[in-house]
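Here is the structure we will look at.
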Amino acid sequence: CEEGKRIRNSPAYQVEGINVNFVQMAGPMIQVATYERGVENETLSCGTGVTAAALATHLKEGNPNGDYTRLVFTKGGKLEVKYTAGSNGFQHIWLCGPAQRVFKGKWEL
């Protein structure tokens, strides 16, 4: 969490902010931890980060074109990223898994 905070608040990213994702590859699955801007802490999961991690892992491994399902574990649970890799990049990208409400609020305007 401290490393994510340090990177998120580094001079290059401090003004607009970024999410910082830590990815550990474990065979056909990956583990992702996210330090999220705005929350300013580690979150249970981040759909954008999980999807980016799955696609980046595909590129790092040099997998051929075709249909894939990548299993991803986060503190929030198990997810799957389904996608088609082709000569023009990635298409038909789906993030699959359970969704739960973790916060409910009300603003008075």
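The values are calculated or read from the model by the stated rules, or taken from the named source; none is laboratory data. Since the structure is predicted, the reported quantities are computational estimates derived from the model, not experimental observations. Please note: Cβ atoms are built from the backbone with ideal geometry, for glycine as well, and neighbour counts cover all protein chains shown. Please note that ligands, DNA and RNA were not included when accessible areas were found on the heavy atoms of the full protein model with its side chains. Shrake-Rupley method; radii C 1.70, N 1.55, O 1.52, S 1.80 Å.
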> Does at least one position in the stretch 56-70 carry a residue that is in contact with a Leu (Cβ under 7 Å, 6 or more places away or on another chain) and open to solvent by less than 40 Å² (accessible area, probe 1.4 Å)?
Replying inline: no
>> As an exercise: evaluate Asp67 against (1) more than 21 Å from Glu3 (Cα to Cα); (2) part of a loop (DSSP other than H, G, I, E, B); (3) not aliphatic (A, V, I, L, M) and give the number of the one condition it does not meet.
In response: (2)
>> Given the criteria β-branched (Val, Ile, Thr) and at pLDDT 95 or above, does Thr51 qualify?
In response: yes
> Scanning the stretch 10-43 for residues that are touching a strand residue (DSSP E or B) at 6+ places or on another chain (Cβ under 7 Å) and outside any strand (DSSP E or B), which turns out most open to solvent (accessible area, probe 1.4 Å)?
Replying inline: Pro28
> Mind checking which pairs have a first residue in the stretch 65-91 that is on the phi > 0 side of the Ramachandran plot and a second that is open to solvent by 60 Å² or more (accessible area, probe 1.4 Å), Cβ under 9 Å, 6 or more apart or different chains?
Replying inline: Gly77/Leu44; Gly77/Pro98; Gly77/Gln100
> If you take the residues in the stretch 82-109 that are assigned to a loop (DSSP other than H, G, I, E, B) and aliphatic (A, V, I, L, M), which one is least open to solvent (accessible area, probe 1.4 Å)?
Replying inline: Ala99
